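The values are calculated or read from the model by the stated rules, or taken from the named source; none is laboratory data. In this text the structure is predicted, and so the values were computed from the model without any measurement. FYI the Cβ positions are ideal-geometry reconstructions off the backbone, even for glycines, and counts take in every protein chain you see.
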Amino acid sequence: MKLIGHLSFKYKKTVIGIWAFIIIAFGFFALQLPSVLSGNGFEFDGEYKETRQILDEDFEQAKSTIILLFEKENSVSEDDWHTYINDTLDNTRNITDLEGTVSPFDREGMITDNTSYALLLFEKDSSELGDTINDLDQLLKNEPGLKVTMTGEPVIVQDLNEASQKDLVKAESIGLPIALIVLILAFGGLVAAGIPLVIGVVSILTTMGIVYFLSYSFSLSIFVLNIVPMIGLALSIDFALLVINRFKEEIKTRTTQEAVQITVLTAGRSIVFSGLCVFIGLLGLMFIQIDIFQNVALGGMAVVLVAALSAITLLPALLGLLGHKINALSIFKANSRQAGIWSSFAKFVMKKPLIMALTALFILIVGLIPVKDINLSIPGTDSLPETYQSRIAYETFTEKFIPADRQDDKHVTIIFETDRAVLTSASLEDIKTVTDLLLADEDVSEVESPFSLSGIQDPASFAQAASQEGNSPLAPILDNYTAGDKMRVNVYLKEELTSRQAQEWIRNWSNKDLGVTTFFGGSIKFEQEIFDEIYEKAPQGLLLILVSTFIILMIAFRSILIPLKAIIMNILSLAATFGIVVWIFQEGHLGIEPTSIALILPVFVFSLVFGLSMDYEVFLISRIQEVYHETGDNDQATYIGLTSTSKIITSAAAIMIVVTGAFAFTGVVPVKQIGIGIALAIFIDATIVRMVLVPALMKLLGDWNWWFFGLQKKPVKIAQASKNSH
């Protein structure tokens, strides 16, 4: 760190020039990032994907379907409506990549009252239809009393991308001005307050440019567009606060070169350790082989590296160039000696440490109680803001054309693969045995198969009927439900089953030996595989985070109890955060419409905030450790450490809360939940943990805080006069 500080000052103009080149180069590609993002990120290589591929290739189901929802007013005649529908569909015939069209007049049940729908079939994935959707949007025209709206997965994915970009702009327009105000209050001047924002923008643009290149190797979710700026801005400002605060202290009595070098040596060391904690927290997500977690891990780790690197190279170079001008454009003189409410309260806590510690623990435990009822779900159509036409149209489509008992989509698609042609008597006999078992299951309400649709239950009779040449009445059924050596059936589960019960059902049936090769698909199988992957792999990531964090902090502070306390306090505060999030969103308080919790929230918030909380822990304990080594007095070291760092930690936490909390005013529900979750976690950490638990436990444990396998020698106390002068 001493060498980095020396080089950053000596070659400050060169360092700034290199970073300027990096920003311009990667900034260009950062602007291209939205064009390579797609989907909600829930892609997993499992049986569901394999079943989907069989349906695409063997049963010739379209990879993507766009729904055109037609609506008319009562004043419009049926003839005019039919003409409008036909003309609209005719206009779409030449759309690029269109493989087929299903008109409302081709099938029964596609027209009801004043609403109907048509299907546009494509042989491309949803993520590849962006230009096609834009072309369609130009073609579709409403007329007086007549309306057509696009919806379906490809359109919803596109709208989620658009909504995410708008949310990012909205959150930044709210968060950045407030963050600047907090910075001005912390430093008293515009120059010192403006630099952290500059470092934040540098980190975000550089990282988003790096992430653009990652798109060539990874499928990137649209949520990356929110996650990288959310983490990057908050973390960069945090790091910059620590560096600038220390520099302003040192430059009062030292030369600019000395101030830069000592700042990098002290605050820079804290940034390296805390950045490492955040990096490892996000690295834990890599165990989960689902795109969105991999995306967040890659984007998050990249922005942590860039933020830390810019904080210990670019920022010292800028400070070396500015020198005493760091105090320029002062608005008021910041009182750095004032301990403030934060440290005063800490002194009060240390007088009654046991009572205060128990009170804090009681508050955290009460906060975490709602966690037991958490209902996790995969983000879907309801992730979009309610004002988006694609969401409104999809909800109308569901209400009008999906039976009430099937709107929860509790159906399972099963592909049976036999050793011979599926329409032979032996193959049909094997499949009929399994469908009878399925129908006898108490959780199954209906099994839709060629047997049930034709009314021919005897396999031999069905084989004979299927073998008839000419216009067999079974032809439409056979075309849709059989292909070579495969047959497709749909199993509908009972409506009263919860999502978890449905997942358990399909998990059990997938593991059974049914005497015939089976492939399970449908939304329930999709959810079951996603949840199983998280439940199986998340503990591995958690173990990595806990063990690595413990080792890092143990090495940093040469203590056993300090890292142990930090880990336990973080787990408790995060559990309380999740409980409050459940209370707000799932139970519908504070004006929020009740909704389930996004599946990504607990894993992502834990991985990120666990590391961010260590950021403050490292900075605080580093100062306490410095004083303890000088004085040998644990209580005095705790109080002085809290007093000297309280203002900057409070400011850093406030900025983190503002930047992430600004996403509470956005429309994409998972992003809103994550933003509020992070803001809540940081608030709890900066108040209950830092103000109450840290001083109380430091007081209760005394010199045992610094025990390290018997190797930690208690420092010799210096003279009282020296202590007071410190």
Residue within the range 153-164 that is over 30 Å from Gly275 (Cβ atoms), in contact (Cβ under 8 Å) with a residue 24 or more places away in the chain, surrounded by 22 or more Cβ atoms within 10 Å (Cβ to Cβ) and of a type in the set (Asp, Glu) present:
yes
Discussion item. Scan the range 575-594 and tell me whether some residue there is part of a helix (DSSP H, G or I), without any contact (Cβ under 8 Å) to a residue 40 or more places away in the chain and in the same structural domain as Gly661 (by TED's automatic domain parsing).
Written reply: no
Of those in the range 506-525 that are buried (at least 22 other Cβ atoms within 10 Å of the Cβ) and more than 22 Å from Ile477 (Cβ to Cβ), the residue farthest from the chain's Cα centre (by Cα) is Ile506
With criteria (1) in contact (Cβ under 8 Å) with a residue 40 or more places away in the chain; (2) in the same structural domain as Arg690 (by TED's automatic domain parsing), Thr518 comes up short on (2)
Considering residues that are part of a helix (DSSP H, G or I), of a type outside the set (Lys, Arg) and either farther than 16 Å from Val303 by Cα or touching a Cys at 6+ places or on another chain (Cβ under 9 Å) (or both), the number found within the range 215-248 is 6
Taking the range 1-42 and keeping only residues that are outside any helix (DSSP H, G or I) and more than 14 Å from Ser310 (Cα to Cα), one is left with Tyr11, Leu31, Gln32, Leu37, Ser38, Gly39, Asn40, Gly41, Phe42
Scanning the range 491-505 residue by residue, the ones that are crowded, with 17+ Cβ neighbours inside 10 Å and not β-branched (Val, Ile, Thr) total 7
Looking across the range 24-64 at residues that are modelled with pLDDT of 80 or more and of a type in the set (Gly, Ala, Ser), the single one that is nearest to the chain's Cα centre (by Cα) is Ala30
Is it fair to say Val618 is assigned to a helix (DSSP H, G or I), crowded, with 22+ Cβ neighbours inside 10 Å and touching a strand residue (DSSP E or B) at 6+ places or on another chain (Cβ under 8 Å)?
no
Taking the condition acidic (Asp, Glu), farther than 22 Å from Phe401 by Cα, assigned by TED's automatic domain parsing to the domain that holds Trp81 and touching a residue at least 24 places away in the same chain (Cβ under 8 Å), does Glu123 pass? yes
Checked pairs for the range 1-28, first polar (S, T, N, Q), second not in a helix (DSSP H, G or I), C-beta under 7 Å and 6 or more apart or across chains, list as Ser8/Thr313
Given the conditions (1) in contact with a Pro (Cβ under 9 Å, 6 or more places away or on another chain); (2) buried (at least 22 other Cβ atoms within 10 Å of the Cβ); (3) of a type in the set (A, V, I, L, M, F, W, C), every one holds for Leu700 apart from (2)
Here the residues within the range 242-269 that are polar (S, T, N, Q) and in contact with a helix residue (DSSP H, G or I) (Cβ under 8 Å, 6 or more places away or on another chain) are Asn245, Thr256, Gln257, Gln261, Thr263, Thr266
Within the range 77-97, of all residues that are of a type in the set (S, T, N, Q) and surrounded by fewer than 12 Cβ atoms within 10 Å (Cβ to Cβ), the one farthest from Ile66 (Cα to Cα) is Ser77
Under 30 Å from Ala566 (Cβ atoms), in contact with a strand residue (DSSP E or B) (Cβ under 7 Å, 6 or more places away or on another chain) and surrounded by fewer than 18 Cβ atoms within 10 Å (Cβ to Cβ) - does that describe any residue in the range 362-379?
yes
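Every residue, every condition in (1) touching a residue at least 60 places away in the same chain (Cβ under 8 Å); (2) surrounded by fewer than 22 Cβ atoms within 10 Å (Cβ to Cβ); (3) within 17 Å of Val618 (Cβ to Cβ); (4) more than 28 Å from the chain's Cα centre (by Cα), yes or no:
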site: Phe531; (1), (2), (3), (4): yes, yes, no, no
site: Pro539; (1), (2), (3), (4): no, yes, no, no
site: Leu542; (1), (2), (3), (4): yes, yes, no, no
site: Ser548; (1), (2), (3), (4): yes, yes, yes, no
site: Leu553; (1), (2), (3), (4): yes, no, yes, no
site: Ala556; (1), (2), (3), (4): yes, no, yes, yes
site: Pro563; (1), (2), (3), (4): no, no, yes, no
site: Ile568; (1), (2), (3), (4): no, yes, yes, no
site: Ser573; (1), (2), (3), (4): yes, no, yes, no
Scanning the range 98-135 for residues that are surrounded by 17 or more Cβ atoms within 10 Å (Cβ to Cβ), among the small types (Gly, Ala, Ser) and in a strand (DSSP E or B) gives Ser116, Ala118
Those helices (runs of 4 or more DSSP H) completely within the range 415-488 that have 2 or more residues that are aliphatic (A, V, I, L, M) and either surrounded by 14 or more Cβ atoms within 10 Å (Cβ to Cβ) or in contact with a strand residue (DSSP E or B) (Cβ under 8 Å, 6 or more places away or on another chain) (or both) are 425-440, 459-466, 475-481
Picking from Asp485, Asp458, the residue that is acidic (Asp, Glu) and in contact (Cβ under 8 Å) with a residue 12 or more places away in the chain would be Asp485
Checked Ala317, Ala404, Ala357, Ala426 against criteria (at pLDDT 80 or above and within 30 Å of Ser454 (Cα to Cα)); the one match is Ala426
In the range 657-671, residues that are under 15 Å from Val169 (Cβ atoms) and either part of a loop (DSSP other than H, G, I, E, B) or not small (Gly, Ala, Ser) (or both) total 7
